[in-house]
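Participant: My questions will all concern the structure given below.
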Amino acid sequence: MSVFITTLLVFLVFIIIYQIGKASEYASVMRGEENIKFKTNRAIAWILVAFFFLGLYGIWECNEIFKDRMLPVAACENGVKYDNMFFVTLAVTGIVFFATQAVLFWFAYRYQATPSRKTTFFAHSNKLEILWTTIPAIAMAILVAIGLKNWANVTSDAPADATVVEVVGKQFNWLVRYPGKDNELGKRDFRKISDANNILGLDWKDPHNMDDIISQKGELHMVVNKAVKLLIGSRDVIHDVGLSHFRVKMDAVPGITTTLWLKPTITTEEMKQKTGNPDFVYEISCDQMCGKGHYSMRGTVIVETQAQYDAWMAAQQTYYAENNAPSAPTAANMAAPKPASDTTPKAAVKP
Amino acid sequence: MNHAEIIIDGHNVAHHAAAEHHDHEHHEQHFIWKYIFSQDHKMISKQFLITGIIWAIIGALMSVFFRLQLGFPDSTFPIMEKFLGDWAKGGKLTPEFYYALITMHGTILVFFVLTAGLSGTFANLLIPYQIGARDMASPFMNMLSYWFFFAASIIMLVSLFVETGPASGGWTTYPPLSALKEASIGSGIGMDLWLMGMALFVVSSLLGGLNYIATILNMRTKGMTMTRMPLTIWALFFTAVLGVLSFPVLFSGVVLLIFDRNFGTSFYLSEIFIGGKALPHIGGSAILYQHLFWFLGHPEVYIIMLPGMGMASEILATHSRKPIFGYFAMIISLVGITLLAFLVWAHHMFVTGMSPFLGSIFVLLTLLIAVPSAVKVFNWLTTMWRGNIRFNPPMLFAIGFVSLFISGGLTGLFLGNSALDIHLHDTYFVVAHFHIVMGVSAFFGMFAGIYHWFPKMFGRFMNNTLGYIHFFVTIAGAYLIFWPMHYEGIAGMPRRYYDFSAWESFKHFQGINAFISIISIIVFFAQLLFVVNFFASIFKGRKLTTQNPWGSTTLEWTTPINPGHGNWPGEIPEVYRWPYDYKDDGNGGDFISQTTPLRPGEESH
Ligand code: HEM
Ligand SMILES: [Cu+2]
Ligand SMILES: [Cu+2]
């Protein structure tokens, strides 16, 4: 009922506004004074000019508001290049933006209708057309050249000494798998997945899996100044590993493995100081719509020194141990291995 | 007659406007054939327009609901529960329904409003009028096109009310999310309805498009060579070409998805573990769908944009009282945009893991499209140079169109460069980009067209004062809403998030999100003002007293104020010149109609 009344009220208000609008128009038509119409035209021209300048002020104000809220300095080598390219593009487009908008509003004001104005019949000019085809073409060529150089850079093969880590998305969290001592990720198969005790479907016949470590909290640890290569996958729908502090992202697509690599240059601790935010944390945001929990699909990146990394690693249990050694005193082991129902882990005890 | 009047109500001095023709209709048509199953292009155009307006209100209302959630995640709005029932229990949207709303908002505005509502209205209205034809090549197919659209609309509407809710995987509905009922409740019956609705929509769009092409190619009046067609017609022609060539690809994508959903095929599915079990699908490719979708999807954005470009060209010239600058360059740039529109689709897929080399090619082609776009902008600006500009609502919206097209086009240069897109993809930067360039700018083209041709459609004017309020609130609001979103996107804020409060990197944008939401509600009400103006003016608007109120050169203004079926009571006029002769006619007028023969010694354009 109240909805109905509100709707009715809103509607009524509109009708009243309409009537006022109409009355004001009729009044001017009836007075029929010529210059009334030019007055309106003039007023509109001035409002356009005001709009333009208010817009400029708004842009400035917007910059002020956002200045302290943008991302901190890029935390990897390619990210720094990214920011440079971004500002070059911003400069090019910014100049075009201000020039064309200024011309648009200037012409609107300058050539507003007056009783005496004569227009110029100016229908084409090859010279002008060529001019403003070639200039944008050249500008584009420059932007493409910079872009492709950087693109080749970020998509190049990871350095040979890069640490390989696997990141797998599922509704609605990230699983991060580390290769363990043997430095090699074992095979996995989606048919072997079990939410109870084999969340990634590790193939226990593959000995490389025995020492693999899985962070179910989505913690991606990296050593500062050491390249990391991510192998990205998904268990169910498409997700996306979004690393905005590193200026990269890559989709996680079921059925295929995508990759990306980066070389972090700033540890989480250093970033806390740089930003003055003691809670600072590098976050992994899921950037591809993946269902109702999409907005909560959060992981974290911890960039640390080699010593810290090694210490963290040493404290981790292998996924195999977590799920197959009931005696192991670990809190992470939430799902005790089920008996006969799932045979894979048992079958794989002997690698 | 006094020159001054042109500016606002624009009674014009056309020398041939004096003759009032009597109505040509001999027989009274039955209501059903006249208003419902009409085959008259003018009536079909109104049907598309009014259906489009209804959809626009629904789609915009959805955005108000989800903006309330984004702006005020901690508050409750009991009024929402009234509208949405259990989907907003206690006055707070559920995440599931938040996603359903954004999905349907996108689908409705992109397809049902800015494709069918826009092309359907103006192609139907203007093609026969401006090329000098009595109706479309096939009036019957034309009617079918509307009714398929209507059927698609009903199915989409029904999907809003099913128990598991409408589709909720985003307007792009990527599988596997959209393919698997286990992945999301919106991928249940709601998704089936979405797919059926879109399939019917494609049929409607093809019937319409083929008709538009056939009409333009075959039914031009004597003297109306292709290079004497107004740019609106050129733009609508390429719009139809884009649609006819790309919608079938979407159709195939949709059909394969229906198969995957219902018949156990694996076109898009591979190696999936969901709902506690591994699915049998192997060997499909989720990315295949994206190729099929964007092969339509990118041309689609130009399907939305081109009609606005055409109308803005026409309106800027008319109300600047000057010829469009670079008529041929405008046509060539339309050709360029049309061709390139088919060759850039993968710029939506730079981070799907596709080959970096392929990515490079798409970068090159994508940035190339900026060149014809830039040419158009410069030509519009030059058209205004040394004009005699009347600021009535159509002209203001055309100016706004140019401003927004510049702003939104420039951000495309960031996104089209894969090296930059790799961070900006699927952030609010993308949301800002496409809302400005496609959402608002295309809407401005549409508004310009409505204000401009309303007198032709209904024989009355829309109210100017309300038009001015509508314009200024909308353009200021559009910039206030979407400008800050660029910054949020550069800061990495992802799109399609229900709540940011758990994110250390994004939660400090809360205040700005609230600001944006407030503005969007104001803008929503400004649009309602337009709707009221529109409907009230149909019945109460100031009546036209001359045939050609704006002093236009084109043929639609040579028809009687309220033309019957067939448009011209007598012979169809013959055309002698191009449509932009805004110059001294030798009798004190400032334009020469296309139907006026060249004067002795006068050069044709
Ligand atoms: C200078 C010209 C343009 C360029 C270079 C350009 C480039 C791009 C790129 C690369 C994307 C993908 C961004 C991403 O998802 O990461 C994009 C998105 C989009 N663009 Fe443009 N664009 C241009 C003009 C336009 C125009 C004229 C329209 C509409 C009329 C448009 C509508 C869209 C839409 C709707 C999306 C988002 C689709 C989605 O993901 O939901 N763009 N644009
Ligand atoms: Cu997600
Ligand atoms: Cu595109």
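The values are calculated or read from the model by the stated rules, or taken from the named source; none is laboratory data. This structure is a prediction, so every number in the text was calculated from the model and none was measured. Here the Cβ positions follow ideal geometry from the backbone for every residue, glycine too, while neighbour counts run over all protein chains shown.
Participant: When you scan region B:302-335, how many residues do you find that are assigned to a helix (DSSP H, G or I) and either over 18 Å from the mean Cα position of the chain (by Cα) or modelled with pLDDT under 95 (or both)?
Facilitator: Summing the residues that are assigned to a helix (DSSP H, G or I) and either over 18 Å from the mean Cα position of the chain (by Cα) or modelled with pLDDT under 95 (or both) in region B:302-335 gives 13.
Participant: Same structure again: Take the conditions within 16 Å of ligand 2 (Cβ to nearest atom) and either more than 30 Å from residue B:143 (Cβ to Cβ) or assigned to a helix (DSSP H, G or I) (or both) and apply them to residue B:177. Does it pass? It would help to see each step written out before you state the result.
Facilitator: Working: within 16 Å of ligand 2 (Cβ to nearest atom): yes; either more than 30 Å from residue B:143 (Cβ to Cβ) or assigned to a helix (DSSP H, G or I) (or both): yes.
Yes, satisfied.
Participant: Kindly provide the set of residues from region B:535-590 that are in a helix (DSSP H, G or I), within 13 Å of chain A (Cβ to nearest Cβ) and either crowded, with 21+ Cβ neighbours inside 10 Å or at positive phi (or both), ordered by number.
Facilitator: B:537
Participant: State whether the residues of region B:307-316 include one that is more than 10 Å from ligand 1 (Cβ to nearest atom), within 26 Å of residue B:172 (Cβ to Cβ) and not charged (D, E, K, R).
Facilitator: Checking region B:307-316: at least one residue is more than 10 Å from ligand 1 (Cβ to nearest atom), within 26 Å of residue B:172 (Cβ to Cβ) and not charged (D, E, K, R).
Participant: Going by the structure shown, is residue A:208 away from ligand 3 (no atom under 16 Å from the Cβ), buried (at least 20 other Cβ atoms within 10 Å of the Cβ) and assigned to a helix (DSSP H, G or I)?
Facilitator: no
Participant: From the list B:405, B:401, B:447, which one is under 23 Å from residue A:14 (Cβ atoms), within 16 Å of ligand 1 (Cβ to nearest atom), out of contact with any strand residue (DSSP E or B) (no Cβ under 6 Å at 6 or more places or on another chain) and in a helix (DSSP H, G or I)? It would help to see each step written out before you state the result.
Facilitator: Working: B:405 fails: under 23 Å from residue A:14 (Cβ atoms); B:401 fails: under 23 Å from residue A:14 (Cβ atoms).
The match here is B:447.
Participant: On to the next question. Determine which member of the set B:34, B:42 is modelled with pLDDT of 80 or more and not in a loop (DSSP other than H, G, I, E, B).
Facilitator: Every option except B:42 fails the conditions.
Participant: Report, by residue number, each residue of region A:169-198 that is of a type in the set (A, V, I, L, M, F, W, C), at pLDDT below 95 and within 16 Å of ligand 2 (Cβ to nearest atom).
Facilitator: A:172
Participant: Working carefully through the options B:216, B:189, B:154, B:185, find the one that is touching a residue at least 12 places away in the same chain (Cβ under 8 Å) and closer than 30 Å to residue B:235 by Cα.
Facilitator: Every option except B:216 fails the conditions.
Participant: Residue check: is residue B:280 more than 16 Å from ligand 3 (Cβ to nearest atom) and either surrounded by 23 or more Cβ atoms within 10 Å (Cβ to Cβ) or in a helix (DSSP H, G or I) (or both)?
Facilitator: No: the conditions fail for residue B:280.
Participant: Working only within region A:148-168, note down all residues that are within 12 Å of chain B (Cβ to nearest Cβ) and within 16 Å of ligand 2 (Cβ to nearest atom).
Facilitator: Residues of region A:148-168 within 12 Å of chain B (Cβ to nearest Cβ): A:148-157, A:168.
A:168, the sole residue that qualifies.
Participant: Another question about this same structure. Looking at (1) closer than 13 Å to residue A:320 by Cα; (2) modelled with pLDDT of 95 or more, which is the one condition that is false for residue A:166?
Facilitator: (1)
Participant: Quick test of your reading of the structure: residue A:253 fulfils all but one of (1) more than 16 Å from ligand 1 (Cβ to nearest atom); (2) surrounded by 24 or more Cβ atoms within 10 Å (Cβ to Cβ). Name the failing condition by number.
Facilitator: (1)
Participant: Answer yes or no: is there a residue in region B:276-287 that is within 16 Å of ligand 1 (Cβ to nearest atom), of a type in the set (Ser, Thr, Tyr) and at negative phi.
Facilitator: Looking for residues that are within 16 Å of ligand 1 (Cβ to nearest atom), of a type in the set (Ser, Thr, Tyr) and at negative phi, one finds none in region B:276-287, hence no.
Participant: Right, another one. Can you tell me which residue within region B:409-435, out of those that are assigned to a helix (DSSP H, G or I) and of a type in the set (Ser, Thr, Tyr), is nearest to residue A:249 (Cα to Cα)?
Facilitator: B:418
Participant: Taking region B:353-374 as the search range and keeping residues that are assigned to a loop (DSSP other than H, G, I, E, B) and away from ligand 3 (no atom under 14 Å from the Cβ), which one is nearest to the other protein chains (Cβ to nearest Cβ)?
Facilitator: Going through region B:353-374, the residues assigned to a loop (DSSP other than H, G, I, E, B) turn out to be B:353-355, B:369.
In the following step, the residues that additionally are away from ligand 3 (no atom under 14 Å from the Cβ) were identified as B:353-355.
Numbers: B:353: 3, B:354: 9, B:355: 9 Å.
For region B:353-374, the residue satisfying everything is B:353.
Participant: Next question. Restricting to region A:44-78, name every residue that is in contact with a helix residue (DSSP H, G or I) (Cβ under 9 Å, 6 or more places away or on another chain), among the aliphatic types (A, V, I, L, M) and part of a helix (DSSP H, G or I).
Facilitator: A:44, A:45, A:47, A:48, A:49, A:54, A:56, A:59, A:65
Participant: In region A:106-144, how many are buried (at least 19 other Cβ atoms within 10 Å of the Cβ), over 34 Å from the mean Cα position of the chain (by Cα) and outside any loop (DSSP other than H, G, I, E, B)?
Facilitator: Going through region A:106-144 one residue at a time, the tally reaches 4.
Participant: Among the residues that make up region A:281-291, is at least one of them at pLDDT 95 or above and more than 16 Å from ligand 2 (Cβ to nearest atom)?
Facilitator: Yes, there is a match, as at least one residue in region A:281-291 is at pLDDT 95 or above and more than 16 Å from ligand 2 (Cβ to nearest atom).
Participant: Filter region B:486-534 down to the residues that are among the polar types (S, T, N, Q) and more than 10 Å from chain A (Cβ to nearest Cβ), then identify the one that is surrounded by the fewest Cβ atoms within 10 Å (Cβ to Cβ). Steps first, please.
Facilitator: Kept after step one, since they are among the polar types (S, T, N, Q), are these residues of region B:486-534: B:501, B:505, B:510, B:513, B:517, B:520, B:527, B:533.
Remaining after also requiring more than 10 Å from chain A (Cβ to nearest Cβ): B:510, B:513, B:517, B:520, B:527.
Details: B:510: 17, B:513: 23, B:517: 19, B:520: 22, B:527: 19.
Among those that are among the polar types (S, T, N, Q) and more than 10 Å from chain A (Cβ to nearest Cβ), it is B:510.
Participant: A further question follows. Among the numbered criteria (1) more than 26 Å from residue A:126 (Cα to Cα); (2) at pLDDT below 95; (3) of a type outside the set (Asp, Glu); (4) out of contact with any helix residue (DSSP H, G or I) (no Cβ under 6 Å at 6 or more places or on another chain), which one does residue B:430 miss?
Facilitator: Answer for residue B:430: the failing condition is (2).
Participant: Right, here's the next one. Taking into account only those residues within region A:285-302 that are facing chain B (nearest Cβ under 7 Å) and under 18 Å from residue A:221 (Cα atoms), which is nearest to ligand 1 (Cβ to nearest atom)?
Facilitator: Out of the qualifying residues, it is A:285.
Participant: Among the residues that make up region A:274-290, is at least one of them touching a Cys at 6+ places or on another chain (Cβ under 8 Å), touching a residue at least 24 places away in the same chain (Cβ under 8 Å), of a type outside the set (Gly, Ala, Ser) and in a loop (DSSP other than H, G, I, E, B)?
Facilitator: No, region A:274-290 contains no residue that is touching a Cys at 6+ places or on another chain (Cβ under 8 Å), touching a residue at least 24 places away in the same chain (Cβ under 8 Å), of a type outside the set (Gly, Ala, Ser) and in a loop (DSSP other than H, G, I, E, B).
Participant: Does residue B:432 satisfy the condition of being without any contact (Cβ under 8 Å) to a residue 40 or more places away in the chain, farther than 30 Å from residue B:558 by Cβ and either more than 10 Å from every other protein chain (Cβ to nearest Cβ) or away from ligand 1 (no atom under 11 Å from the Cβ) (or both)?
Facilitator: Judged against the criteria, residue B:432 is not a match.
Participant: Out of curiosity, is residue B:421 within 16 Å of ligand 2 (Cβ to nearest atom) and either in contact with a Cys (Cβ under 7 Å, 6 or more places away or on another chain) or touching a residue at least 12 places away in the same chain (Cβ under 8 Å) (or both)?
Facilitator: Criteria not met by residue B:421.
Participant: May I ask you to verify whether residue B:138 is over 30 Å from residue B:309 (Cα atoms) and surrounded by fewer than 21 Cβ atoms within 10 Å (Cβ to Cβ)? Break it down stepwise before answering.
Facilitator: Values: over 30 Å from residue B:309 (Cα atoms): no; surrounded by fewer than 21 Cβ atoms within 10 Å (Cβ to Cβ): yes.
When the stated conditions are applied, residue B:138 does not pass them.
Participant: Are any residues in region B:85-107 out of contact with any Gly (no Cβ under 9 Å at 6 or more places or on another chain) and more than 11 Å from chain A (Cβ to nearest Cβ), and if so, which ones?
Facilitator: B:85, B:86, B:88, B:89, B:90, B:91, B:92, B:93, B:101
Participant: Going through region A:67-78 one residue at a time, which ones are at the interface with chain B (Cβ under 8 Å from one of its Cβ atoms) and touching a residue at least 40 places away in the same chain (Cβ under 8 Å)? Don't jump to the end; show me each part of the working.
Facilitator: Within region A:67-78, the subset at the interface with chain B (Cβ under 8 Å from one of its Cβ atoms) is A:69-71.
Residue satisfying the conditions is A:71 alone.
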